[in-house]
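Shown next, in structure tokens, is the structure this report addresses.
Values quoted throughout were computed directly from the atomic coordinates according to the rules given, and no laboratory measurement underlies them. Just so we're clear, the structure is a prediction, and the values are computed from it rather than from any experiment. Cβ placement follows ideal geometry from the backbone for every residue including glycine, while neighbour counts extend to all protein chains displayed.
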Amino acid sequence: MKFILPITLVVATVVLMGLGLMGYGQSRTALGIAEGSALPGLTPNPDTPDKALHNVLLELQRRNWDRAYADLSKTSGVDEQDFIERWRGMNGSLRSFSNLESFDTRPMHETSEEADYRVHLLWSTPVGPVQDVRDFHLTRVGNEWKVVWPKVTIPNVPAQVVPVNYLRWDLVTGTSGEEWGAHNIDAPHVRIISMNAVNTAEGTVIMGEAVNEDTVPAFVTVNATLVDGSGNTIDEESSFDKIDHVLLPKQVTPYRVDFPSTSLNKVKNVRMDIKATLVPASADPVIGVTNQKLETDAQGHAVLHGDLLNESGQTVNIPHVIASFYDNNGKVVWVSDGYVERALLPQGSEAFAVEIPKSVAGEVHNFHVVVNQYSLKS
Amino acid sequence: MFALVLVTAAMCEAQKTNVPAMVTAGVDTNFPTTGSGKGTFYLSGPGVALKKEVELGTDVAVNGRDLQNAGAYEAIVCADTCHTSQFYVVAAKAVKLAFLVHPSRVPVAASDAVSGVALPFDKFENMVLTPQEVDFRLTAGSTSLLARSVSAQNGVAWFRTTSGKNAGKLQVVATLHDVVSTRAVQEVASDPCNLRIKGERTPKGIEVETDPVRDCSGNVLPDGTIVTFSLTGSNGKSTIDAPIKQGIARADIPAKGPQTISVASGVVMGNELHIGGQ
């Protein structure tokens, strides 16, 4: 009699574990590691496209590259090394510092033999969470479904010598024993050339453009202070990473300062402040922005697409795109930014996309893109 | 009663010192005293406190070292009671000019853009407040931009003027008697003027370059200045921020089909160019 309770508990535990490993209770929509097998090596049988895709993404999330590759269709045409490098990132790119936080799979089209899924991937990165949308094709092989991983062809850049004749500014600081007023160097002269304040669902947004009018490089920060009718400060913010901080002579950058949860209706005045300091800088790498087009993507979002072209001989590890959008009168109506997950190799190109809110998409008449860049070795 | 007043007045007279109204900094000075007998002399001023046993009725010699700092001083002579006198030490002859010129870098032909302030000081670092004629001379190369004599008011002489028309070193000299102080301002090219581009098709796309980029005074813009090329065609828009090298900005942009090319540098726009398809 005294063994009945322990035996019942053991049996119930085993049954529940079994049910869990078999994937009972999974909804149609999978969401990252919250579903499926949480134990390494134990994945549900891929007898549905959803489970097959889920298995591959889960293995990728755990960085079980061999197991993930083994779950791909043999018709994928991608070799394991390329598959791993494209997913994990390389050359010090943003992806190589990122982790797949979660994913959300949704069926787009499904027959008894083939299926297409759209996956929303949420990455945790050093620059904050990054969302990505990717489409996957799956085929049925016997009783199992397999993910077809397309082979991405990277243009082969021929071996070449890129002459390094770039321009660079260095700073020599004076000694402390200088005569007063004898050897001081003025800060670069920068100016805000446009400013626009808009009310959005997320709060007040201050945006515009700034220019370095000087002949030396400048490190620029734009600060905005919201003031109410009584002259009291409501909030104060800086442009943070929504600006190209290092401005070369005569270079123009967009800036955006966000005030989340502050309505523009409360604001009587906005005080703008631009600060510039002299910094060492290089005129290279020169990055071209080609094929820029405003389009509507599959999800109905207005998106500015384009390609970044690295014209120099050095790798740009983390390219950062900042775009200003203008209306018919040339007024800046929005500023968007986005990081490119893959490194921009010498003479190579990478695609980028930045989104525009629906509320301003109709007003956009023109746009200007600048590329900020972070390199591990300058 | 009247006799007591006279005695008291006589005692006060005995402890008086006759100080000069003004003393030059660093100069040995004698302070005559009246009365007789022993007394104590105190000197109090900026950075100085001095006490001396003196023979009343003789001069009290104060070394110039104790009178180096300009400002208000008090000389006190005490016997039974004390008598205080005040005097000022003024700066000695100016031997040094503190000269501040602003800015260190200025675009050419900018009105009222260069300013300078000169403050004369004596050898004890006292600011010389008496009116002094300071000569300012600004020269760019062999061209004189300004020669002006300014009388310092309350120890300050200043000027403000327009920058020259040629990029390069602007030498600014302030002279006071035989004291000369020199500063340099870097005159740099201003905004581009008449920005023009030309372009041609290449097998890869379009090669576009500017004419030598100059400001309205004819100065070539410094290397590293950013010029933005924009191409608009059927495939969308392409832009590139190219730095000027040896006076010319150049870019190779992959582009197919007819293109409209525009150029800008800072807030200055250039000409537009139309290049047909291949």
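Against the compact-protein benchmark of 2.2 N^0.38 Å, the Cα-based radius of gyration of the protein assembly as shown scales to 1.50.
Couplings for region B:129-137, taken from phi via the Karplus curve 6.51 cos²θ - 1.76 cosθ + 1.60 with θ = phi - 60°, read 8, 6, x, 10, 8, 10, 9, 9, 9 Hz in order; Gly and Pro are left as x.
Projecting the Cα atoms of A:Trp149, A:Ile274, A:Asn199 onto the dipole axis of chain A, where Lys and Arg carry +1 and Asp and Glu carry -1 at the beta carbon, places A:Trp149 farthest toward the positive end.
The order of the peptides A:313-319, B:94-100 by mean Cβ neighbours within 10 Å, most packed first, is A:313-319, B:94-100. Rounded to whole numbers, the Karplus 3J(HN,Hα) couplings from phi for region A:359-371 are 5, 10, 4, x, 7, 5, 10, 8, 7, 9, 10, 10, 10 Hz, using 6.51 cos²θ - 1.76 cosθ + 1.60 with θ = phi - 60°, and x at Gly and Pro. Selection among B:Asn219, A:Ser73, A:Ile243 by position relative to the dipole of the protein assembly as shown gives B:Asn219 as farthest towards the positive end (Cβ unit charges, Cα centre).
Placing +1 on the Cβ of every Lys and Arg and -1 on the Cβ of every Asp and Glu, with no other charges, gives the protein assembly as shown a dipole of roughly 320 debye about its Cα centre.
Within region A:262-284, name every residue whose backbone N is under 20 Å away from a label modeled 7 Å from Cα of A:His245 along the Cβ vector. Only A:273-284 fall inside the zone, counting backbone N under 20 Å. Amide H to amide H, with H built 1.01 Å from N, B:Ile197 comes under 5 Å of B:Asp211, B:Asn271, counting only residues 5 or more places away or on other chains. Using only C-alpha atoms and all pairs of different ones, pull out the Kirkwood radius for chain A in Å with one decimal. Over chain A, the inverse of the mean reciprocal pair distance is 24.5 Å.
Each of A:Val340, B:Val227 was scored by other Cβ atoms within 10 Å of its Cβ. Listed from fewest to most, they are A:Val340, B:Val227. Put +1 on the Cβ of each Lys and Arg and -1 on the Cβ of each Asp and Glu in chain B; which of B:Gly26, B:Ala72, B:Gly164 then has its Cα farthest toward the positive end of the dipole? Sorting the options by dipole projection puts first B:Gly164. Each peptide among B:188-194, A:12-18, B:118-124 gets the average number of other Cβ atoms lying within 10 Å of its residues, and from highest to lowest they stand as B:118-124, B:188-194, A:12-18. Across the cross-link table entries B:Lys51/B:Lys93; A:Lys151/A:Lys250; B:Lys165/B:Lys256; A:Lys275/A:Lys331; A:Lys275/B:Lys93; B:Lys165/B:Lys237, which are compared at the Cα atoms, the separations over 32 Å belong to A:Lys151/A:Lys250; B:Lys165/B:Lys256; A:Lys275/B:Lys93; B:Lys165/B:Lys237. Once the Cα atoms are used to define both axes, helix A:49-61 deviates from the longest principal axis of chain A by about 60 degrees. Compute the long axis of helix B:2-14 from its Cα atoms, compare it with the longest principal axis of the Cα atoms of chain B, and write down the angle in degrees, 0 to 90, nearest 10. That helix lies at roughly 50 degrees to the long axis. Taking amide H atoms as placed 1.01 Å from N in the peptide plane, the amide H of B:Ala113 lies under 5 Å from those of B:Thr161, B:Thr162, B:Ser163, each 5 or more residues away in sequence or on another chain.
Kirkwood-type hydrodynamic radius, region B:197-275: 12.7 Å, calculated from all non-identical alpha-carbon pairs. Inter-chain Cβ neighbour count for B:263-271, averaged per residue, equals 3 (cutoff 10 Å, partner chain atoms only).
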